[in-house]
1. When you scan segment 156-169, how many residues do you find that are over 21 Å from Thr89 (Cβ atoms), modelled with pLDDT of 85 or more and open to solvent by less than 80 Å² (accessible area, probe 1.4 Å)?
2. Quick check on my filter: what residues within segment 1-44 are at pLDDT below 80 and of a type in the set (Ser, Thr, Tyr)?
3. Picking from Ile66, Ile73, Ile18, which residue would you name as being open to solvent by 70 Å² or more (accessible area, probe 1.4 Å) and at negative phi?
4. Which of (1) part of a loop (DSSP other than H, G, I, E, B); (2) in contact with a Phe, Trp or Tyr (Cβ under 9 Å, 6 or more places away or on another chain) does Thr62 not meet, given it meets every other one?
5. Ala111: open to solvent by less than 60 Å² (accessible area, probe 1.4 Å), modelled with pLDDT of 75 or more and either farther than 16 Å from Phe65 by Cβ or touching a helix residue (DSSP H, G or I) at 6+ places or on another chain (Cβ under 9 Å) (or both), yes or no?
6. Taking segment 124-141 as the search range and keeping residues that are open to solvent by 100 Å² or more (accessible area, probe 1.4 Å) and modelled with pLDDT of 75 or more, which one is nearest to the chain's Cα centre (by Cα)?
Amino acid sequence: MTLAQAPHGFLSPTGVEIAFLLVGLVTLGAALVTVTTRQLVHAALWLVVALGGLAVEYLLLTAEFIAWVQVLIYVGSVVVLLLFGLMLTKAPIGRSPDADSGNRWAALAVAVAAAVALVWVVVDAFRTTWIDLDGPAAGTTEVTGASLFRHWVLPFEALSVLLLAALVGAIVLSRKAKADAPPAAPGKEGAR
C-alpha cells in the first residue's frame, strides 16, 4: 500500500486541511478584531477580512460558486452598504464612546455560550463526515441555485429588504441632520 492509499486519519492532515485551519485562525482573529475595535470604519474593514477568509474556506472545500457569491454579495455589497451607511449618518471616524454600551461581561458570556453551542452542534452533526477533496465536486451551480431559490428564497428576499431599509434609514437620518443644521451667517461666506 502506498502513502496515497493509506487510510486518512485525524493526526495525518493534508496540505489542504492545514491551509483550512490556518485560514480559519486568520478569519477568527479578524472576526474578533471586528467586534472588539472601537473604531467603526476599522470594524467594517476587518469585517471584509473575515468575510474574505470565509470565501477562501469555501474555495478550499471546493465550493467555488458559494465562494464567489460570498465575495460578490457579502464582501462587495453588504460591506459597501455598511460603509455608505456610516458615511451618510456621519458616524465618528475615530474612537466612539457611544459604541460601548458598558455590558462587556454580559456580551462576552453570551458570545462564549453561543460559540460553545455552535461548535457542539457542528461537531455532533458532522462527527463522522469526511469531505473527499480529491474526488469530483459534490454540488454543481445548478443544484446550488435550485436549492437556494426553492428553499431559501424568503430569507434571501427578507435580507434584501432589510438592507434596503437600512440604506433608506441612513439617507433619512442624513437629510434630517442637514435640515436641523443652523444656516451659515451671511457675512462669513464673503470672507473666504
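The values are calculated or read from the model by the stated rules, or taken from the named source; none is laboratory data. Just so it is clear, the model here is predicted, and its values are computed rather than measured. In this analysis, Cβ positions are derived from the backbone assuming ideal geometry, glycine residues included, and neighbour counts consider all displayed protein chains. Only protein heavy atoms, including side chains, enter the accessible area calculation; ligands, DNA and RNA are left aside. Shrake-Rupley method; radii C 1.70, N 1.55, O 1.52, S 1.80 Å.
1. So the first thing to find is which residues in segment 156-169 are over 21 Å from Thr89 (Cβ atoms), and the list is 156-158.
Filter once more, keeping what is modelled with pLDDT of 85 or more: 157-158.
Right, trim to open to solvent by less than 80 Å² (accessible area, probe 1.4 Å) and you get 158.
So the count comes out to 1.
2. Across segment 1-44, the qualifying residues are Thr2, Ser12.
3. Working: Ile66 fails: open to solvent by 70 Å² or more (accessible area, probe 1.4 Å); Ile73 fails: open to solvent by 70 Å² or more (accessible area, probe 1.4 Å).
Only one candidate passes the filter, namely Ile18.
4. (2)
5. Numbers: open to solvent by less than 60 Å² (accessible area, probe 1.4 Å): yes; modelled with pLDDT of 75 or more: yes; either farther than 16 Å from Phe65 by Cβ or touching a helix residue (DSSP H, G or I) at 6+ places or on another chain (Cβ under 9 Å) (or both): yes.
Taking the combined requirement at face value, the residue satisfies it.
6. Phe126
Conditions (1) touching a helix residue (DSSP H, G or I) at 6+ places or on another chain (Cβ under 8 Å); (2) more than 22 Å from Leu163 (Cα to Cα); (3) open to solvent by 50 Å² or more (accessible area, probe 1.4 Å); (4) of a type in the set (Gly, Ala, Ser), marked per residue:
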| site | (1), (2), (3), (4) |
| --- | --- |
| Val23 | yes, yes, no, no |
| Leu32 | no, yes, yes, no |
| Leu51 | yes, no, no, no |
| Val56 | yes, yes, yes, no |
| Val79 | yes, no, no, no |
| Leu82 | yes, no, yes, no |
| Met87 | no, no, yes, no |
